[in-house]
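The values are calculated or read from the model by the stated rules, or taken from the named source; none is laboratory data. The structure presented is a predicted model; accordingly, all values stated were derived computationally and were not measured. Every residue, glycine among them, receives a Cβ derived from its backbone with ideal geometry; neighbour counts consider all protein chains shown. These area figures cover heavy atoms from the full protein model, side chains too; ligands, DNA and RNA do not enter into them. Shrake-Rupley method; radii C 1.70, N 1.55, O 1.52, S 1.80 Å.
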Amino acid sequence: MDLLFMLALALVSGQSAFLPKPVIYINPPWTTFFKGERVLLTCNGLQFYALGKTKWYHKGIMLQETPGNNIIVNNPGPYKCKTNNSPLSDSVNLIFIRVSLILRIPYLAFEGDSLILQCQEKNNVTLTRVTYYKNRKPFSAFNQNSDVFIPQASLSNSGLYYCTAFKHMSWKIISSSVNLHIRELFSRPVLKTTDSQPIEGSLVTLRCEIWIPPEKSSIQLLFSFFRDPGVILLGQARAQELQISKFWREDSGLYWCEVETVSPRVCKQSQPITMSVRRIPISGVHMEVQPHGGHVMEGQKLVLLCSVVEGSGAITFSWYREGTEAILGKKTLRSLVAEFVFSAVRKSDAGKYYCTADHNSSLIPSHSVSITVRRNGRGPLVAGITTALISALGLTTVALLVYCKHQRKSGENSSTDLASPPIQMSQETMESNAPTRLELQEIHSDETPVIGDVVYSEVWSTQQGKEGAADASGKPPDDKDNSVIYSVVKNEEAQGDSTGNSQTVNESNRATPTGF
C-alpha cells in the first residue's frame, strides 16, 4: 500500500492529519502483564517515510531513540513512537500488576477477528473450576483450566471481563477486571452523491465512503449499490464509486450501498438517501421542413423536423395538419428533435403543418409551415414520346407490307406482258394508270384521343379521275379497292370545318407514301 492510498484514507475518514500515523504492535498481544514481564513494541508504518531512527515516548517524555523500529519495555503506562517527518503514533497503554491471576485478552480486537481469552496463573500452576465472567455474569465454566474461543468477534462482545479459578483444588483466586473493546473493522458506510436532485438526463456519481483503521488498511472490501425496491445497480465490486451516465425520471427513489469483507465476512449497510429528478420545462418549440422552403415536387421525400430549445427527459412530439384534428404522427423520445417523413409526397398533401411537444407537464405548439406540392411534368412528356415512337414504328411496318404487295402485283403484270402481244391503250386506260392521289381524312376527330399535340389520322388512296366514288361524308366507297395506311400529323393550327376535319397541316410532318 502506497502513501497516496493512505492519504486517501485520511481524507475519506475525515481525519485532520494529512499523513498516516505509525502503529505500535505489542508482543505478546495482551493488555495486562505480570510485574517483571518484558514486552516487545514495534513501530510499524515506517515504510511511508525516509529511513532513520525511531523515537520512543513514555508518558509524553522521550524515552529512547533506536536505530530500528523495536524496543523492549517492562514499565506500565502509555507509549508512543515516531520517525523522520512522521506524526506521533496513537498511544498503547501497558498494565503491569503484582497479582497471582490475570485474564489475558488481545490488545487490538476488531470485528471478525478470532479471539482467545486466557485465565493464567503467574507461575503456570494448574487451575481447576475456571469460570469466565462478562459484565459480572458467568458465561463459561470448565472443570480444568481452559481458554475461551470466540471464532468471529462482533461489537456485542465488548465488555468488562474477569475470571475465577481454584489453585491447589481449594484456594480460590480472582483476576482483575479487563475491558475488552471490539473495534470496528471499518466504519458504517455513508452514501454520498454529487447531486441529490439531478437534472433529468445528467450524469450522477454515487460514492460509498468508509473509514478503515490504519491497523487494518490491507483488508479487501467489496462494494454494492442498490435502489429501492431491491434493484442491484452494482454488486460486490472493488470500486467505491458508481456512475449513472444519464439519470432519468424513473431512476428517482431510495439509494443505499453495502460494504463487506472477503474474509472473514463483515457486512455493513449505509443509511438510504432519497434522490429525485428535476425536469427542465419545454420551451422554444420549432418546426422546419426539408427541402427548405416547403416547395417539393410530387413523389419527392418530405421531412417535417420538430425541435425544442430546452427540455429534459422523454418528450412526446406530435405532427398535425391545419384544418384537421387527426394526428399525423406521434413519437416519444429522449431527444430535443424528432422527424416525421412523407416518403412520397402527393399533390393532396399540400397545406399548412405544425407540431407540438409535451412531457406530461405542458403541451406547447410550434408555428405552422406551408407545404407546396408541384406536379412532375415529365410523366405526360415521356408517355407522348413513347406513343409517338410506337406509332412511327407501326406506320413503317404497314408501309413495308403495302410496298411488298405492290411489288408482287407488278411482277405478275410483267410476266403477262412478256407472253402477250402489245396492246393498244385507250385514253380511259391511260387515265386509270395515272398516279394515285392521296387524300388525308381525320378519323372521328371528336373521339380520337389526343396526347399532347399528336392526332391519329387515316390516309386512303383513290385513282385519279374517280373522286366521285367517295360519298359526301368523305368516306371511301365500300365496294372499291382502296389502300389504307395510318400516319401521325402534328397540328399547327386548329382551324377545322363543322365536321372537325383538319384544314391546315404541318408539311414537314406529313406522311408521304411511296411505292404506290
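Here are a few things to note about the model shown:
- Taking 0.36 nm per residue of separation and subtracting the current Cα-Cα distance, fully stretching the chain between SER140 and ASN74 would add 20.6 nm.
- Chain lengthening between ARG265 and SER335 when straightened (0.36 nm per residue, less Cα-Cα): 20.6 nm
- Once the Cα-Cα distance is subtracted from the 0.36 nm per residue extended length, the TRP171 to THR316 segment shows a gain of 43.3 nm.
- Take the range 171-260 with all the other protein chains still there, run a 1.4 Å probe, and you get 50 Å² of accessible area per residue.
- Placing pseudo-labels 7 Å out from each Cα toward the beta carbon at ASN179 and ALA237 gives an inter-label distance of 4.2 nm.
- Solvent-accessible surface of the range 295-361, taken per residue with a 1.4 Å probe and all protein chains present: 52 Å².
- Taking label positions 7 Å along the Cα-Cβ direction at both LYS301 and GLN152, the computed distance is 6.4 nm, reported to one decimal.
- Within the accessible area of the range 309-351 (1.4 Å probe), percent carbon and sulfur: 52
- Reported to the nearest whole Å, the Cα centre-to-centre distance from the range 245-279 to the range 178-199 is 13.
- Centroid-to-centroid separation of the range 60-129 and the range 161-176 [C-alpha atoms, Å]: 23
- Among 55-67, 242-254, the order from most to least packed when residues are scored by Cβ within 10 Å on average: 242-254, 55-67
- Computed label-point distance, nm, for sites LEU395 and GLN64 using a 7 Å Cα→Cβ extension: 13.1
- The local environment of TYR161, defined by Cβ-Cβ distances under 15 Å, has a net charge of +3 under the rule Lys, Arg +1 and Asp, Glu -1.
- Of the solvent-accessible surface of the range 62-103, computed with a 1.4 Å probe over protein heavy atoms with every protein chain present, carbon and sulfur atoms account for 47 percent.
- Per residue, the range 79-169 exposes an accessible area of 50 Å² to a 1.4 Å probe, with every protein chain left in place.
- Theoretical FRET efficiency, 1/(1+(r/R0)^6), r = Cβ-Cβ of GLN220 and LEU19, R0 41 Å, to 0.05: 0.95
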